[in-house]
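A.B. asks: Take a look at this one; I'll ask things after.
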Amino acid sequence: MVTVSVNYCMKCGSPLEMRSIDGVERKACISCDYVFWGNYSIGVGGLVMKDGKFLLVKRAHDPGKGYWTNPGGYIEQLESIEETVEREVEEEAGIKAKVNRIVAIRDLPRQVHNIYVAFAMDYIDGTPTPDGIESDEAGFYSLDEIETMNVAPFTKWLINVAYEKEKTGLFKDLHTQMNDHILYKINCSN
């Protein structure tokens, strides 16, 4: 079990106690039904291609300072993952792009368990412009150029996955309505 420093209920503010839930010792509220299930983060990344070249940004700070990566970031609480990746691509690279499909998911279990969702995106408009905060360079690069650059290994893998088979991946289900759910599935006819 991972020790966490959460001591008070995020729902009502009462103290938490250790309790066995589903066979695992977890922190739970003494006053309401709140259970602290763990510490998680969800990141997204955009893979945008224009004229056979891929959008990359050079990381301006750690983690990954100096590496070229696809633009991306972390979701906000009330923001969909599509909104997040479209916002992050525009913020970090000055490019407007629209989600096409999900091409990969990375699971990174650690103290803050990270899930990363990578999207193939359709270029809409803009000239690559770094934000000067998260990225200090931005541009579209060919596969030959990428081979000579300091591209992060995960980004190289994502580019291969996203564009090796352009019709594969998870597509947004535009036909099923289910409250606030945003659904993705294989072979969805848009």
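Conditions (1) out of contact with any helix residue (DSSP H, G or I) (no Cβ under 8 Å at 6 or more places or on another chain); (2) surrounded by fewer than 18 Cβ atoms within 10 Å (Cβ to Cβ); (3) within 19 Å of ASP173 (Cβ to Cβ), marked per residue:
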residue: PRO63; (1), (2), (3): yes, yes, no
residue: GLU79; (1), (2), (3): no, yes, no
residue: GLU83; (1), (2), (3): yes, yes, yes
residue: GLU86; (1), (2), (3): yes, no, yes
residue: GLU92; (1), (2), (3): yes, no, no
residue: ARG106; (1), (2), (3): no, yes, no
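A.B. asks: So ILE146 ticks every box in (1) out of contact with any Ser or Thr (no Cβ under 9 Å at 6 or more places or on another chain); (2) open to solvent by less than 60 Å² (accessible area, probe 1.4 Å); (3) not basic (Lys, Arg) but one. Which box is left unticked?
C.D. replies: Condition not satisfied by ILE146: (1).
A.B. asks: With ASP136, ASP107 as the choices, which residue is modelled with pLDDT of 95 or more and among the acidic types (Asp, Glu)?
C.D. replies: ASP136
A.B. asks: Among the numbered criteria (1) open to solvent by less than 80 Å² (accessible area, probe 1.4 Å); (2) in a strand (DSSP E or B); (3) within 24 Å of PRO109 (Cβ to Cβ); (4) among the aliphatic types (A, V, I, L, M), which one does MET18 miss?
C.D. replies: (1)
A.B. asks: Another question, if that's okay. In region 109-140, which residues are more than 19 Å from LYS65 (Cβ to Cβ) and out of contact with any helix residue (DSSP H, G or I) (no Cβ under 9 Å at 6 or more places or on another chain)?
C.D. replies: Passing the criteria: PRO109, ARG110, GLN111, VAL112, HIS113, ILE115, ASP122, TYR123, ILE124, ASP125, THR127, PHE140.
A.B. asks: Going by the conditions given, is MET49 open to solvent by 30 Å² or more (accessible area, probe 1.4 Å), free of Cβ contacts under 8 Å to residues at least 24 places away in the same chain and not in a loop (DSSP other than H, G, I, E, B)?
C.D. replies: When the stated conditions are applied, MET49 does not pass them.
The values are calculated or read from the model by the stated rules, or taken from the named source; none is laboratory data. Not measured: the values here are computed from a predicted model. When we count neighbours, we look across all protein chains shown, and the Cβ atoms used for this are built from the backbone with ideal geometry, even at glycine. In case anyone asks, the SASA skips ligands and DNA or RNA and just uses the protein heavy atoms, side chains included. Shrake-Rupley method; radii C 1.70, N 1.55, O 1.52, S 1.80 Å.
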